[in-house]
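The values are calculated or read from the model by the stated rules, or taken from the named source; none is laboratory data. Values in this document were obtained by computation on a predicted structure and should not be read as measured data. Here the Cβ positions follow ideal geometry from the backbone for every residue, glycine too, while neighbour counts run over all protein chains shown. These area figures cover heavy atoms from the full protein model, side chains too; ligands, DNA and RNA do not enter into them. Shrake-Rupley method; radii C 1.70, N 1.55, O 1.52, S 1.80 Å.
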Amino acid sequence: MKTVFCIILLVGSTISLKAQWVAQTSKTTNSLLGIAYPSKTVGYSCGLNGTILKTVNGGYSWQITKSTIQTALYATVFANTDTGIAVGDNGMVVLTENTGLDWAISPTNLSKAWRFCK
């Protein structure tokens, strides 16, 4: 099982901030390669074998989303908490418009892997 790390910001009564890394269980053995947070609490991570994970509580827990993709996904980006894409090997682009409940393959004419999407 792979581990997801996230930063949790702790705000005290003063104006100082502390960032702290906390290990989280990801519920997958696949390597995770990309992460995006469209809001403070909602985040998505993607990785090998089409793995796409979602958190709704700022990274404290993660759920595997429904994906039929079997190729590596390297990066994900979201316009808002509902709509986003993940990109990967062989020009693969997958799209969600319903908060990650379903992912559809978007056809492209690309044959190279996407590595970065920002």
Taking residue 86, is it loosely packed, with under 14 Cβ neighbours inside 10 Å, at pLDDT below 95 and out of contact with any helix residue (DSSP H, G or I) (no Cβ under 7 Å at 6 or more places or on another chain)? no
The correct count of residues that are among the aliphatic types (A, V, I, L, M) and either open to solvent by less than 10 Å² (accessible area, probe 1.4 Å) or modelled with pLDDT under 90 (or both) in the stretch 37-70 is 3
Return the total of residues in the stretch 57-100 being in a loop (DSSP other than H, G, I, E, B), more than 12 Å from the chain's Cα centre (by Cα) and closer than 23 Å to residue 29 by Cβ. 11
Among the candidates 95, 73, residue that is open to solvent by 40 Å² or more (accessible area, probe 1.4 Å) and modelled with pLDDT under 95: 95
Residues of the stretch 69-83 being of a type in the set (Val, Ile, Thr) and without any contact (Cβ under 8 Å) to a residue 40 or more places away in the chain, in sequence order, are 69, 71, 83
Based on what the data block shows, is residue 14 among the hydroxyl-bearing types (Ser, Thr, Tyr), farther than 13 Å from residue 78 by Cβ and at pLDDT below 75? yes
Please tell me if residue 54 is within 15 Å of residue 102 (Cβ to Cβ) and either free of Cβ contacts under 8 Å to residues at least 60 places away in the same chain or assigned to a strand (DSSP E or B) (or both). yes
Kindly evaluate residue 23 against the criterion of being small (Gly, Ala, Ser), more than 13 Å from the chain's Cα centre (by Cα) and either closer than 11 Å to residue 100 by Cα or open to solvent by 10 Å² or more (accessible area, probe 1.4 Å) (or both). yes
